[in-house]
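S.K.: Sharing a structure here in structure tokens format.
We did not get these values from a lab; they are worked out from the coordinates using the rules stated. Keep in mind the model is a prediction, meaning the values are calculated, not measured. Here the Cβ positions follow ideal geometry from the backbone for every residue, glycine too, while neighbour counts run over all protein chains shown.
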Amino acid sequence: MRVMMRPWVVCQRCIFVLLLSSCPVFSLRPEPSHSQLKPSKVNNPEIIRLLEPKHALPTHLPSLVSSPAYLPSNSYIAQVSKADNPGLASYFWNLSHDASNTPESVHLTISPVGKHLAALSMNLFRNLPNPTVLESGKIHKPLEFSLLPLAISTTPWVWSRIDRCQLRKISNQTDSIDKSWGCYFKLPQHRSQPPQTPASERISSLVDTFIQERNTDKHLSSKQDQDLRALNQVQASKYLASQYIIAMCFRHIFTLTSETQSRVEAVQSLLTTWPKSDDKNAVVASVHIRRGDVAGFNCSHKQVFRPCTYMHEQVMRLRGLQEIYGVTHVYVMTENAQEVELARDLAPEFTWMSLAEVYSTEISTPILPGSDEKMNIEFYLHLLSQQSSFDGKIIEKHVYGLLADLDFASRADVHVLEILSCTSLSTMRLSHGRKGYMPPHVPSVTRKMLREPSFCGMGGPGAKEGG
């Protein structure tokens, strides 16, 4: 089955789609001492500032891109955050309806997890100016399965086996795009044409020229060996422009179906401590603490090949952001509620929030035979799916929790991320796409993760790798 990806107007990343207008917008506290930019008479979107050199940009833009933390000044954030952010909905729509463009295929065979969300947005970016066609993916045997002395079936693919998305009659090792990806996100045929505004047309024109130059001159490739420390002002602007487009690809892809959106909102309603929209003094940070199959509480039983960050390390980074931006509230994205309790003990000056305390999606994976490492959650659930008593509810809760978690984290003003984490990368792209500018964050993803992360691939026969 083939479906053409088209744009959407609804704000998506309030995770995926809570209406943009419903997402609280918090203004950062002024910090004149960190000002790098004189106020501009016109508050243009960041992408226009990046692609039209006549507009003022931070003087030290190259150093911002290459630094361990991406920390633009409050004055710059105040200007770009006030600008209209139409995104690239019209641009994507026009591409997909231009008969002269040759569609590129991307195969999807699973429900959303961090690596697949990040990989798909990169694939759309790579394919530009051609539109992307979503196709059913081949169900394949993950490499990790070969490490287990167990017989493992590969039909059906476990991540699609949840309520409304049961794939119990899969044949020929192929699933259905309508019952996998289309179970969560609106497919193109269910989207309406976005409005054409002067702002969207101007941005579309600039992006179209930028993509043509990229494909012709390769002025700033996303190769792994790209040395971001050597960028000049123009190159840094183009690099950040490319990240804006990738973020808009992310925003474009993810519009929740009405059923999925209602379920995500129901999960989010359980958290009652998020600042009210009229709280003008609230500045929210998100902190990602990767646990689940990666590690246990406080990095116990961690996997050797996947970094685990201690909470006290993230708190140190958080305090650095607090000094600059005046953080008051912190949302913790984690599977382990104990980590939130530890965070409160370490930094009681913040108001801590987490869905993990009111909606547990933690899945306890066993330790690999003959090892101290935890089993990867995907093939652990695949093993469970072969049991006759398996009904998919454990996955259903996990997926809706992930969507709600990503939405909350992306609403934050600033971010404390995990290194080499596809979920952190997805949070940043959703936040960037929704806001229209790259928000302050640490560690910086501009050096580590926005350069075709090979660890965020979708894999599988016939599938395009995510990096």
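S.K.: Structure shown: which of LYS54/LYS82; LYS82/LYS179; LYS54/LYS435; LYS115/LYS435; LYS115/LYS393; LYS115/LYS280 lie over 30 Å apart, alpha-carbon to alpha-carbon?
M.R.: In this structure, LYS82/LYS179; LYS115/LYS280 lie more than 30 Å apart at Cα.
S.K.: Could you give the length gained on full extension between SER63 and HIS190, defined as 0.36 nm per residue of separation minus the Cα-Cα distance, in nm?
M.R.: Working: separation 127, 0.36 × 127 = 45.72 nm, distance 4.31 nm.
Extending this stretch completely gives an extra 41.4 nm.
S.K.: Arrange the peptides 197-205, 60-68, 350-358, 86-94 so that the one whose residues have, on average, the most other Cβ atoms within 10 Å appears first. Walk me through the numbers on the way to the answer.
M.R.: Details: 197-205: 16.3, 60-68: 17.9, 350-358: 20.3, 86-94: 24.3.
In descending order of packing, they fall as 86-94, 350-358, 60-68, 197-205.
S.K.: Also: Calculate I(q)/I(0) for the range 315-360 by the Debye formula, one identical point scatterer on each C-alpha and no solvent, and give its log10 at q = 0.21, 0.23 Å⁻¹ to two decimals.
M.R.: -0.67, -0.78
S.K.: On to the next question. Please give the peptides 422-433, 330-341 ranked by average Cβ packing (other Cβ atoms within 10 Å per residue), highest first, as a rough proxy for protection.
M.R.: Details: 422-433: 27.2, 330-341: 22.4.
Put in order of decreasing packing, that is 422-433, 330-341.
S.K.: May I pose another question? Quick query: amide H of VAL287 versus all other amide H atoms, modeled in the peptide plane; which residues come in under 5 Å with a sequence gap of 5 or more or a different chain?
M.R.: Amide H neighbours of VAL287, under 5 Å, 5+ apart: TYR331, VAL332, MET333, VAL416.
S.K.: Another question, if that's okay. Take peptides 180-187, 266-273, 231-238 and line them up by average Cβ neighbours within 10 Å, highest first, as a rough protection proxy. Kindly include the intermediate steps, with their values, before the conclusion.
M.R.: Values: 180-187: 22.6, 266-273: 14.0, 231-238: 16.9.
Those peptides, ordered most packed to least, come out 180-187, 231-238, 266-273.
S.K.: Using a ≥ b ≥ c from the Cα gyration tensor of the range 236-280 (square roots of the eigenvalues), is it rounded, prolate or oblate, where a/c under 1.5 gives rounded and otherwise the larger of a/b and b/c decides, a/b for prolate?
M.R.: oblate
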